[in-house]
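In what follows, a structure is listed as structure tokens, so that the remarks can point back to it.
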Amino acid sequence: MKMLMFAHDGSSNRGCEAIVRSTTTMIKDRIDGAEIYLASGKPETDKIITKLDKVYDGSLSPLRKHSFHWYVSSIKVKLFNDESYALGKVHQNIIKHINNMDIYLSIGGDNYCYGEQPGWYEIDRRVKAHGKKLVLWGCSIGEEDLSEQKLLDLKQFDLILARESITYNVLKKQGLSRVRLTADPAFTMEKNELALPGEWVVGKTMGINFSPLVLNKNRKSLEAIRDLIRHILKNSDLTIALTPHVIIDGNNDYEILSLLFEEFKHSQRVLLLPDNLTATQYKGYIARMRFFIGARTHATIAAYSSLVPTMVLGYSVKSKGIAKDLFGRERLVFGIDELSDEKKLISGFKEMLVEEKDIQSCLKRSVPMMKKLAYEAVDHLNDVMMR
């Protein structure tokens, strides 16, 4: 059985790496003879995932102006308002593998949170036109993300695997019957523990992850994070490990964390983890932290799954849904509008300190269930393959 994972833009986003890495491991653990291929927007970044059978170049192929295909697509758009020809050419690096695959897994968990995705819709349409199975793997979708066009696309899928209950309930409410509740595959990902930096204090080091994505959505959030760091340094004996998790030009955690490091390094209690680690290596550090505060979802999943009390600087439905499934409520998750309020962030940090043992107890109960739910996604996938 041959499967192609697509809607992946490369592993410089360590969360995307975590999804690919853990999905590949889970499927190969449970389904004998499964061959797993990846179409990647940046295939050179995915060589670190050695269990894949092959990585294909899935990058876009823009239409060259005044080329034959450009003229054909222009006519179709102008006369018939039909973009399908153009989209088919732009995404040909993904579409061209359809005949050789049995099942296509759309793995971009967040892709349906960011407006219309006509390119993915066209790929999905062509997969189904060829009679192949189509699965949306580990998605998060809020009610505010849905549109008529998006719902039409979602109805094409043979299986939709929601990675948290908010998304599951939203999609079921829309009448989508092929939805199953699972958990993010990264809950199952292994860790790789490298040597600790010299500044690391065992049992007294916490992590902070902050991202340009959050800053762009709330320009005042950086100053609130500065105030939070000042509070931690002044009112506790904790060392802070600034932890990047996405290293992409224009969306690079390391750049913004470097600014914070330069500002606070004189304290000798702030360190900056490097920008060249794999998802499993970052998890290896996060797992040895006492607390974690993070903006990137898969950095927080690395913490949760390692039973580390975590505060989430959330910006979408997935953060709320994952916390709700772990704790029964949206515990220590702050929405994008709250991230400029240093008082709320400091209050959340204090709550995490006071409730440390209770949070750990909750995670000890819920994380095994999340891992079981993540593996159940493979069982659902196997059922679809057998139909």
Rounded to the nearest 10 Å², the 1.4 Å probe accessible area of Val317 is 20
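Per residue, how large is the accessible surface of the stretch 196-300? Use a 1.4 angstrom probe and give square angstrom.
Numbers: 4030 Å² over 105 residues.
Result: 38 Å² of accessible area for each residue.
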In sequence order, what are the phi-derived ³J(HN,Hα) couplings for the stretch 123-129 according to the Karplus relation 6.51 cos²θ - 1.76 cosθ + 1.60 with θ = phi - 60°, rounded to whole Hz, with x for glycine and proline? 4, 4, 4, 6, 4, 5, 5
Tell me, what HN-Hα J-couplings in whole Hz come from the Karplus equation 6.51 cos²θ - 1.76 cosθ + 1.60 at θ = phi - 60° for each residue of the stretch 178-185, using x for Gly and Pro? 9, 9, 10, 8, 10, 9, 4, x
Mind checking the per residue accessible area of the stretch 45-85 for me, 1.4 Å probe, whole number of Å²? 75
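Looking at the stretch 1-79, which trypsin sites (Lys or Arg not before Pro) are in a loop (DSSP not H, G, I, E or B) and have at most 15 other Cβ atoms within 10 Å? Before the final figure, lay out each step's value.
Details: sites: Lys2, Arg14, Arg21, Lys28, Arg30, Lys47, Lys51, Lys54, Arg64, Lys65, Lys76, Lys78; in loops: Lys47, Lys51, Arg64, Lys65.
Taking the stretch 1-79 and a limit of 15 other Cβ atoms within 10 Å, the loop trypsin sites (Lys or Arg not before Pro) found are Lys47, Lys51, Arg64, Lys65.
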Mean separation of Cα contacts under 8 Å (6+ apart) over length of the stretch 40-155, as relative contact order %: 21
Given backbone amide H placed at 1.01 Å from N, residues whose amide H is under 5 Å from that of Asp82, ignoring those fewer than 5 places away on the same chain, are Val77
For Cα Rg over 2.2 N^0.38 Å, the choices are [x] 1.13; [y] 1.27; [z] 1.01; which was calculated from the structure? [z]
For the stretch 304-345, report the accessible area per residue in Å² (1.4 Å probe, heavy atoms, rounded to an integer). 35
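I need to check one value: relative contact order of the stretch 267-387, counting alpha carbon pairs closer than 8 Å and at least 6 residues apart, in percent. Can you show the working numbers first?
Details: 111 pairs, mean separation 23.3, N = 121.
Averaging sequence separation for qualifying contacts and normalising by length gives 19 percent for the stretch 267-387.
Ranked by accessible surface with a 1.4 Å probe, highest first, in what order do Asp275, Asp249, Asp184 come?
Working: Asp275 60, Asp249 145, Asp184 0 Å².
Listed by decreasing accessible area, they come as Asp249, Asp275, Asp184.
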Quantify, in whole percent, the carbon and sulfur part of the accessible surface of the stretch 156-315 (1.4 Å probe; protein heavy atoms only). 48
Near the amide H of Met311, under 5 Å away, which other amide H atoms are found, from residues 5 or more places off or on another chain, if H is placed in the peptide plane? Phe292, Ile293, Gly294
Loop sites in the stretch 98-185: trypsin sites (Lys or Arg not before Pro), DSSP, at most 15 other Cβ within 10 Å: Lys155
Alpha carbon centroid spacing (whole Å) that separates the stretch 9-38 from the stretch 160-215: 15
I'd like the orientation of helix 342-354 relative to the chain: the angle between its Cα long axis and the longest Cα principal axis, in ° from 0 to 90, rounded to 10. 70
A 1.4 Å probe over the protein heavy atoms gives the stretch 1-111 a carbon and sulfur accessible-area percentage of 49
Using θ = phi - 60° and Karplus 6.51 cos²θ - 1.76 cosθ + 1.60, couplings along the stretch 91-96 (whole Hz; Gly, Pro as x): 9, 5, 5, 9, 5, 5
Past 31 Å, Cα to Cα: identify those pairs from Lys172/Lys372; Lys150/Lys344; Lys220/Lys324; Lys42/Lys217; Lys51/Lys318, in the order given. Lys150/Lys344
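Can you give me the relative contact order of the chain as a percent, contacts being Cα pairs under 8 Å and 6 or more apart?
On the way: 735 pairs, mean separation 63.4, N = 387.
Taking the mean separation of contacting Cα pairs over the length of the chain, I get 16 percent.
Out of the DSSP beta bridges found with both residues in the stretch 220-332, what percent are antiparallel (nearest 5)? Before the final figure, lay out the partial values.
Details: 2 of 8 bridges.
Antiparallel bridges: around 25 percent, rounded to the nearest 5.
The values are calculated or read from the model by the stated rules, or taken from the named source; none is laboratory data. Remember, it's a predicted structure, so these values are computed and weren't measured experimentally. Virtual Cβ from ideal backbone geometry, glycine too; neighbours counted across all protein chains shown. Areas reflect the complete protein model, heavy atoms only, side chains present, ligands, DNA and RNA absent. Shrake-Rupley method; radii C 1.70, N 1.55, O 1.52, S 1.80 Å.
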